[in-house]
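J.: First, the structure itself, so that you have it in front of you.
The values are calculated or read from the model by the stated rules, or taken from the named source; none is laboratory data. Predicted model only: the values in this text are computed from it and were never measured. Here Cβ is always computed from backbone atoms with ideal geometry, including for glycine, and neighbour counts include all displayed protein chains.
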Amino acid sequence: MSRRWVDVWLTVFFGLPVLIAFLYVAVYQGLVVSKDFYWFWLGETFFYLGLPAVALATWRIHWGKRHPVGYALITLLMMIGIIYMGGKDWVSHSGEVSSARLVPLGISQDQLVTAERSYSIPYFPYDEDRLIRAVRQKEPVEVHQVEGKNTILAFAEEDYISYPWTERALDVGLGLLAAGVFTVFFLVAMGIWWRSYCIKGENLMITRWGRRTVVSLLEAIQIRLDREREEVRVETEEVVYCFPYEKKLAEEIKSAAVRVGLISLDGGSRWFRRRQYRELRIEPQCLLLISDIEEAIPLADIVSMGWEGAVRITTEEGSDYLVTDERYTDRAWFEELAKRVKRIWFREGWPYTVEVDPSSGGMFLTSHLPSEEER
């Protein structure tokens, strides 16, 4: 099965429920007060079965990208299952539509009771007060029914219809909500499916919905190739890009990282920029980041910091700094910075925690700052 046919099939699988959902909203408003809505009512089972199937397929879309043929076959089996179960329900509720005159003896929870049997009213918006009056007066009522199914589809006389604008607006809202859910599934699933990544020279090319984004690895400050979490993470000064791990792409990224001068400290799963700043200087009250421009991070503003081959600093305002420069990523430099920051936390009376990862040797410090009212 070629990739093109898989693309077409998945477009149908995820797109068809969206079209049907919007069509259903329009059909419901136009036909719900008539017997003609019967065939659409029979098809509601397909709609209800389709929602969990589409949700499950969306959840496994990343796996599907790595196994396109298997994924296409699984979704095809889902579709066959939906058709089978929906068709079985269709047959069990279908029958010949005919007209009849009934003398109602009572009505309870969408059930019309006569002397012979009870009839269900599955969708017709009837006027309960009008029906109660007919019951009291023993007035015959002409209805459209499904023979042998004890199902009333519609009342022939219009004065039995009660469909106020509030109920109509609620039904439209619920229908659009359902259509919106299917639309979100379509956008998420196909956005992932049609998103591709490749390496060309020193650039990472990201294509999504026909639009291409070029990320120069010369601007990357850290690249993570996490096979266990099945994630690739490329960080620049401005943006972080995350996408699923693929062995072939990971090897291409490694080769490109070597070409642009990134270094790895753990055998190739993490890559860092060799030179990031002209100088980093630890001052008594701040950390100076000196490059083309000079930026000062007050030590009192730091709320968390960690070392795991690289140094990550987070400030109270939410600013995040990642230091990968090989001159400032050794443990001794980090511990000197941490000592000064902890001194400030201790002086201000701010509690903090220190965590050490036994597997990687990483160290992470987090302060627990009091609220503005408590300071």
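J.: Mind checking which residues of region 1-48 are free of Cβ contacts under 8 Å to residues at least 12 places away in the same chain and under 21 Å from the mean Cα position of the chain (by Cα)?
T.: Val12, Leu16, Leu19, Tyr48
J.: Could you pull out the residue among Val188, Val232 that is in the same structural domain as Phe14 (by TED's automatic domain parsing), surrounded by 13 or more Cβ atoms within 10 Å (Cβ to Cβ) and under 16 Å from Trp63 (Cα atoms)?
T.: Val188
J.: Still on this structure, please answer the following. Could you count how many residues in region 229-258 are free of Cβ contacts under 8 Å to residues at least 60 places away in the same chain, out of contact with any Cys (no Cβ under 8 Å at 6 or more places or on another chain), closer than 18 Å to Tyr197 by Cβ and not aliphatic (A, V, I, L, M)?
T.: Number satisfying all stated conditions: 11.
J.: Determine which member of the set Glu252, Glu279, Glu283 is touching a strand residue (DSSP E or B) at 6+ places or on another chain (Cβ under 9 Å), acidic (Asp, Glu) and under 29 Å from Met205 (Cα atoms).
T.: Residue meeting the stated conditions: Glu252.
J.: Filter region 326-358 for residues that are under 21 Å from Arg278 (Cβ atoms) and β-branched (Val, Ile, Thr) and give the result.
T.: Matches in region 326-358: Thr329 only.
J.: Within region 45-83, work out how many residues are buried (at least 17 other Cβ atoms within 10 Å of the Cβ) and closer than 20 Å to Ser94 by Cβ.
T.: Looking only at that region, the number is 6.
J.: Going residue by residue through region 16-33, is there one that turns out to be under 14 Å from Phe185 (Cα atoms), in a loop (DSSP other than H, G, I, E, B) and not hydrophobic (A, V, I, L, M, F, W, C)?
T.: no
J.: Also: Out of Val91, Val103, I need the residue that is among the β-branched types (Val, Ile, Thr) and closer than 30 Å to Pro17 by Cβ. Which one?
T.: Val91
J.: Going through region 259-280 one residue at a time, which ones are surrounded by 13 or more Cβ atoms within 10 Å (Cβ to Cβ) and either assigned to a strand (DSSP E or B) or without any contact (Cβ under 8 Å) to a residue 12 or more places away in the chain (or both)?
T.: Listed by number, the residues that qualify are Ile263, Ser264, Arg270, Trp271, Phe272, Leu280.
J.: Further, regarding this structure: Does Phe243 qualify as being of a type in the set (Phe, Trp, Tyr) and under 22 Å from the mean Cα position of the chain (by Cα)?
T.: The answer is yes for Phe243.
J.: Continuing with the same structure: Considering only residues of region 57-108 that are among the hydroxyl-bearing types (Ser, Thr, Tyr) and part of a helix (DSSP H, G or I), which is farthest from Arg227 (Cα to Cα)?
T.: Step by step, filter region 57-108, then rank; the result is Ser92.
J.: Follow-up question, since we're still on this one. Determine whether Arg274 is in contact with a Gly (Cβ under 6 Å, 6 or more places away or on another chain) and either acidic (Asp, Glu) or over 23 Å from Arg195 (Cβ atoms) (or both).
T.: Considered against the rule, which asks whether it is in contact with a Gly (Cβ under 6 Å, 6 or more places away or on another chain) and either acidic (Asp, Glu) or over 23 Å from Arg195 (Cβ atoms) (or both), Arg274 comes out as yes.
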